[in-house]
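Just below is one structure, and these are the notes that go with it.
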Amino acid sequence: METRANYVAVGAFVIACMLGLVITVVWLAGIQYSQEYEYFQTNFTGAVTGLGKGTVVRYNGIEVGRVTDLQFDPNDPRVVIATLQVQPNLKIRTDSTSSIEPEGLTGGSYVEISGGSKNAPLLTAKDGERYPVIRSSPSALQKITTGVPELLGKLNTAADRLNDILTPENQAALTHILANLDKTTSVLAARSNDIDATLGHISEASKGLPQTVADTDAGVKKFGKLSDDADAVVHGDSVAQLDGLLADARKLVASLTKLSDQLNRQPTSVLFGDRRKGYTPK
């Protein structure tokens, strides 16, 4: 009985030591685990094809962690919440963004985190959040695929308008315009020598243009002086003298008119005087 009791005590002690060792290892591992990683969340809208637990997380292109969990947002089934386990001290900032990027031609994907700007504050968890939440943005591929339907719509519209423009009537008109244009260019090419000669004459004529302008300016100045002289005559003493001269001229004309009348009636009397004897009383 005593030997058996010793075995039981030894077995219990060994088991207790093993449990203590396991608990210590787990505790130490937990402390190290919590010190080596930080956690963030990001929300992706739409399909997350190629994403899963263990997917690589990159920060500015450098691998810094893994995706540890994916779950639907209970308030919006279109949103997928991804939990990211990353290296500590990454200094993820409030204007950092996350996106799903394709992993080359392998068909896989990874999560890319942008660094943000250096002046932005560090990202921290808000009230009610388990982890800080990184804003998500569409990837380059998602932007392209999202814009494809719109681009195709614009191409279809452009094709329809092109078909409306290229009707048989418009094609005939365009052919006629091109034919006229070809004819015009042919004529211009044939008359190129005449055009060159004409341009040469214009160039020679333009050389005398400054002298012509100078002569014109001198003529304008002379005309201005003449106008000033005429204005001085009109408003000066010459007008009064001219009025007197005109009065004298009118008197002279009246005298000449009177003399002409007398010559017509009695030319001899005017020339030789009146020689008739008058009555002499006795």
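The values are calculated or read from the model by the stated rules, or taken from the named source; none is laboratory data. All figures in this text were calculated on a predicted structure; none of them were measured in a lab. So basically every Cβ, Gly included, is an ideal-geometry build from the backbone, and we count neighbours across all protein chains shown.
Looking across segment 47-75, the residues that are loosely packed, with under 14 Cβ neighbours inside 10 Å, farther than 11 Å from residue 114 by Cα and without any contact (Cβ under 8 Å) to a residue 24 or more places away in the chain come down to 47, 52, 53, 54, 63, 69, 71, 72, 74, 75. Residue 35 passes every criterion in (1) at pLDDT 75 or above; (2) surrounded by fewer than 10 Cβ atoms within 10 Å (Cβ to Cβ) apart from (1).
Rundown of residues vs (1) basic (Lys, Arg); (2) farther than 19 Å from residue 53 by Cβ, yes/no style:
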| residue | (1), (2) |
| --- | --- |
| 116 | no, yes |
| 120 | no, yes |
| 126 | yes, yes |
| 131 | no, no |
